[in-house]
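Inspection log for the structure reproduced underneath, given as structure tokens.
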Amino acid sequence: MPPVRAMVILRPFLAAMPVLSARSRAAPVPSIRTAGRTVRPSIRRPALLAAALAAALAAAAHVPLSAQGLSPQEQRIVRHVDAHADEAIAFLERVVNVNSGTLNPDGVRQVGRMFQAPLDSLGFDARWIELPDSLRRAGHLFAYRRGTQGKRVLLIGHLDTVFERDDAFQRFVRQGGTATGPGVNDMKGGDVVILYALKALHDAGALEGTTITVAFTGDEESPGRPLAIARHDLIEAGRNSDVALEFETGARDTLVEYATVARRSSSGWTLTVRGRTAHSSGVFSEGTGSGAIYEAARILTAFHEELRGEPYLTFNPGVIVGGTDVRYEAETSRGTAFGKTNVVAQTAIVTGDIRTLTDEQLQRTHERMRMIVARHLPRTEAEIAFTEGYPSMPPTPGNQRLLDLLNGVNGSLGAPRMEALDPGRRGAADVSFVAPYVDALAGLGANGTGAHGPNETIDLESFPLQVKRAALLIYRLTR
Ligand SMILES: [Zn+2]
């Protein structure tokens, strides 16, 4: 899923965001109106501040290890990451240069094999998980280590990208401290962070006795349906873990880097409206009524007037077709409509999405939408159907504790503190499927820009820091 860049500072978010009781699906709905509002600080010289952040991150890479509050084993882990930074980037280049668009199963499997071999050599049991043919997806790479020590940790990545074989954007190109390429930050960079963090832990003997699952899905950008099958193994891995760390693109702005303690759900709806077709001169009459298009407009206006404004709730009609003869194909999101100005419309179809911070908010919004739909203008009928989607990852005290632990790692590395990203600024992702079962932290992958676009970049300067953070976080969780 495409990350949303944190372009504005959202400090009020931390104070305003409701922290829900752990795993409570019936948690109270956020009621703080200011929570979703973005606030722009008076930054006079953003370029200077950006340079200051970059300098702080760079400095973190060069503080003497002895000054950093790292144990000898942790120092060894950090040294391994530094010594293999160029190797990690060369490996990233190789995996980016293999096309793995979600609908290119051969490419997704090939990228999976490129990670499978090194994971096997680190003592993981790495296997390819096949999906039924009907899902038309490549499958997933999962790798397991089972022990008895510390927390059971699930590391989440994905092998696929939005760039299919016919896309013009196919190659990794390095330009000094950055590189462009399909999936460099979303999220082959994050996958490489995971692999090189595990290599450093292995080198220090720190994987011994740990329970770690690596889950690289092959269809995150366009998951196979039904999701219950496409995400079965991920959900099982979540049930058998205590903590999930997800390595999609990191978010940062001129002042601060962010981690993700909450993500909104993303699901869909289809509104189907029917009216009585008749000569337009009879519209509004008792026999003809208002027609399908007026009814669709009434419903959408009521959604807009009555449901809009609740923090973290958004719903967007993306397509509308209406007339006397209407066809809409959900698979391709394409439709056609025929109608005449002097004929009352018989059918209207609207499809859209809903994003919420909690499942309770989603269910309540469904109910309110159903009630609006049920009112009906004269001689019209309407129904709304809701489609399955990505669940939400609500902010919990456990997720916040993981961020605190990460900031302990940042402190030891001499790196700046990270803040919690406003969930309103981030899309749904695979970590949401396991959020009900674990404490979760997301957005721990590579920094970069332009995910899903032809200028997707990765910041190679801060890349070793992301690997160190990941390695030390996993290390401290598994002691
Ligand atoms: Zn992604």
Note, the stretch 280-288: 3J(HN,Hα) by Karplus (6.51, -1.76, 1.60, θ = phi - 60°), whole Hz, Gly/Pro = x, goes 5, 5, x, 4, 6, 6, 4, x, 9
Phi to ³J(HN,Hα) by Karplus 6.51 cos²θ - 1.76 cosθ + 1.60 over the stretch 361-376, Hz, x for Gly, Pro: 4, 5, 4, 5, 5, 3, 5, 5, 5, 4, 5, 5, 4, 6, 6, 6
Count the DSSP beta bridges whose two residues both fall in the chain, then state the antiparallel fraction as a percent rounded to the nearest 5. 75
Give a residue-ordered list of calculated ³J(HN,Hα) values for the stretch 296-311 (Karplus: 6.51 cos²θ - 1.76 cosθ + 1.60, θ = phi - 60°; whole Hz; x for Gly, Pro). 4, 5, 4, 5, 5, 5, 5, 4, 5, 7, 9, 9, 6, x, 6, x
Pulled fully out, how much extra length does the chain show between residue 319 and residue 174, if you take 0.36 nm times their separation in residues and subtract their Cα-Cα distance? 48.3 nm
By how many nm would the segment from residue 329 to residue 167 lengthen if fully extended, with 0.36 nm per residue of separation less the alpha-carbon distance? 55.9 nm
State, to one decimal in nm, how far the label point of residue 106 lies from the label point of residue 148, with both points 7 Å from Cα in the Cβ direction. 4.8
Over 24 Å apart: what share of the alpha carbon pairs of the stretch 266-390 falls there, rounded to a whole percent? 30
Among the lysines, which fall within straight-line cross-link reach of residue 199, defined as a Cα-Cα distance under 24 Å, with same-chain neighbours fewer than 8 residues apart omitted? 151, 188, 468
Based on other C-beta atoms within 10 Å, arrange 266, 222, 462, 121 from fewest to most. 121, 222, 266, 462
Mind checking the full-extension length gain between residue 54 and residue 407? Use 0.36 nm per residue of separation minus the Cα-Cα distance, one decimal, nm. 125.3 nm
Pairwise Cα inverse-distance average, inverted: Kirkwood Rh of the chain (Å): 23.8
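Values quoted throughout were computed directly from the atomic coordinates according to the rules given, and no laboratory measurement underlies them. Since the model is a prediction, treat every value here as computed from it, not as a measurement. Neighbour counts run over all protein chains shown; Cβ positions are idealised from the backbone, glycine included.
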